[in-house]
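Every number in this text was worked out from the coordinates using simple rules, so none of it is lab data. Not measured: the values here are computed from a predicted model. Note that each Cβ is placed from the backbone with ideal geometry, even for glycine, and that neighbours are counted across all protein chains shown.
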Amino acid sequence: MSTLTLQPARPLAADDDSLLRVLKQAGVGKDDLIRVSGPAGPAAVLCLYRHGYERAAYVHPNWVSATRAADALLIPHPCGTTELAAMIQGGDCLRDGGVLIVQVQADRSALAADSVPELLRHVGYEVAGGLSGRAGDVCIARRRSLGGFRKAA
């Protein structure tokens, strides 16, 4: 029996050009308050600083949901649904209309392609698009405005 070995995707944070292209496509500007999290977060913050994104800051994955609402949240490493759900815990880490950029974990199962977008829709995000490139697949989503009201559980 043969097994297929998948090489892990390179973190988005390891490719400055891809990272900057994703931010541009997502409409994230240099004046936006950007939170960056995950194991590749510190490298991404350094890249952002080098390119003039001075309001970018690293936040530990356990504290993402407890931080002040930001304009953007960047998760620049291959991230699965379980890890993402634990980080965003309902989505209050972003202001209404804020953008979430997450590198999607490579998974070849039948449901994997839709699992991150489905999770995001469930917790109040509108999937706005994505990119495929050297760093793998990236999902871009905007937090839906709830008009000051929270969804009932």
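Details
- Simple label model, 7 Å out from Cα along Cβ direction - Arg95 to Ser65, nm: 2.3 nm
- When the Cα positions of Val104, Cys79, Ala69 are compared along the charge dipole of the stretch 12-141, Ala69 comes out farthest toward the positive end, with charges on each C-beta of Lys, Arg, Asp and Glu.
- Computed about the Cα centre, the dipole magnitude for the stretch 12-141 is approximately 220 debye when only Lys and Arg (+1) and Asp and Glu (-1) carry charge, each at its Cβ.
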